[in-house]
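Have a look at the structure below, then the notes.
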Amino acid sequence: MTGLVLGLLLSSGGTPSRSPAEAHQLVTGAAATAADWGPGFADLGDKYDTGELLARKDCELTERGSRPGTLVALQRAAQRDADTLLAISDARAFKNAATAEAYMDDIEDTIHRCPVQRIAKSRYEDVREGPAPKVSGLDDVISEEGKTTRDAVGKKANYSYIALTARKGEVVLYAAVAGPAENKAELPRLAADAMQRMNERLPD
């Protein structure tokens, strides 16, 4: 992400939206911590201004700067050492709900258009939209399922993952967890629980 938007911005409804400082405080409080993922998870650190990861026409995933109207984003990573489960959470505050909706549309397009995705030496297969959990208070929830068949160094792999992306007004939340095939059954619950905890920390 290219950084904070300075000044007080207006939402699509014409009322003042959050200031950059308020947006920073909101995402810092909302993004899931290791404790939100459950026992045994340890924090791997925070990263602000993470930009966006979207698929090109050939389904190669590419990193780009955040779209206009992005106030701030925070990504947090955690890992459960007992079985190498990796969890990622993300919270993004946008200028208005329309920009957040456009972000959600791009996420959904990538899932539907690209059942096989690549980035560098990594490869993801059987990418599809799955059943979304019911989390009260959210305007929209997208569930993505798939598996990693090549890891970051190109080595053959077999990891399942679940990624939830949700919108509440002008805020987008993300909760994803990946691990060995034998842990596949618990991934939906872990992601849904983390999303529920993040949503509970957002203002109504």
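Data overview
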| quantity | calculated |
| --- | --- |
| Residue among LYS184, LYS156 that alone is over 25 Å from ARG201 (Cβ atoms) and free of Cβ contacts under 8 Å to residues at least 12 places away in the same chain | LYS156 |
| Qualifying residue in region 39-47 (condition: crowded, with 17+ Cβ neighbours inside 10 Å and on the phi < 0 side of the Ramachandran plot) | yes |
| Residue match in region 167-186 (condition: of a type outside the set (A, V, I, L, M), more than 18 Å from GLN79 (Cβ to Cβ) and in a strand (DSSP E or B)) | yes |
| Selected residue (criterion: farthest from GLU125 (Cα to Cα)) from residues of region 26-70 that are in a strand (DSSP E or B) and aromatic (Phe, Trp, Tyr) | TYR48 |
| Every residue from region 187-204 that is open to solvent by 60 Å² or more (accessible area, probe 1.4 Å) and either outside any helix (DSSP H, G or I) or touching a Ser or Thr at 6+ places or on another chain (Cβ under 7 Å) (or both) | ARG201, PRO203, ASP204 |
| Evaluation of VAL127 against (1) open to solvent by less than 80 Å² (accessible area, probe 1.4 Å); (2) closer than 18 Å to GLU52 by Cα (one fails), failing number | (2) |
| Positions within region 28-68 being in contact (Cβ under 8 Å) with a residue 40 or more places away in the chain and over 16 Å from the mean Cα position of the chain (by Cα), in sequence order | GLY38, GLY40, PHE41, CYS59, GLU60 |
| Per-region count, region 88-118, residues part of a strand (DSSP E or B) and either more than 17 Å from the chain's Cα centre (by Cα) or more than 17 Å from THR50 (Cβ to Cβ) (or both) | 2 |
| Region 87-103, residues that are surrounded by 15 or more Cβ atoms within 10 Å (Cβ to Cβ) and either at pLDDT below 95 or over 26 Å from GLY45 (Cβ atoms) (or both) | LYS95, ASN96, ALA97, THR99, GLU101 |
| Restricting region 104-117 to residues that are among the hydrophobic types (A, V, I, L, M, F, W, C) and out of contact with any Ser or Thr (no Cβ under 8 Å at 6 or more places or on another chain), the residue that is surrounded by the fewest Cβ atoms within 10 Å (Cβ to Cβ) | VAL116 |
| For GLU182: the one exception among (1) touching an Asp or Glu at 6+ places or on another chain (Cβ under 7 Å); (2) modelled with pLDDT under 95 | (1) |
| Subset of region 147-160 that is at negative phi and open to solvent by less than 30 Å² (accessible area, probe 1.4 Å) - its residue that is modelled with the lowest pLDDT | ALA157 |
| Region 168-177, residues that are open to solvent by 30 Å² or more (accessible area, probe 1.4 Å) and either touching a strand residue (DSSP E or B) at 6+ places or on another chain (Cβ under 7 Å) or at pLDDT below 95 (or both) | GLU170, TYR174 |
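The values are calculated or read from the model by the stated rules, or taken from the named source; none is laboratory data. It should be emphasised that the depicted structure is a prediction, and the values quoted were computed from it without experimental measurement. Here Cβ is always computed from backbone atoms with ideal geometry, including for glycine, and neighbour counts include all displayed protein chains. All accessible areas refer to the heavy atoms of the entire protein, side chains included, with ligands and DNA or RNA removed. Shrake-Rupley method; radii C 1.70, N 1.55, O 1.52, S 1.80 Å.
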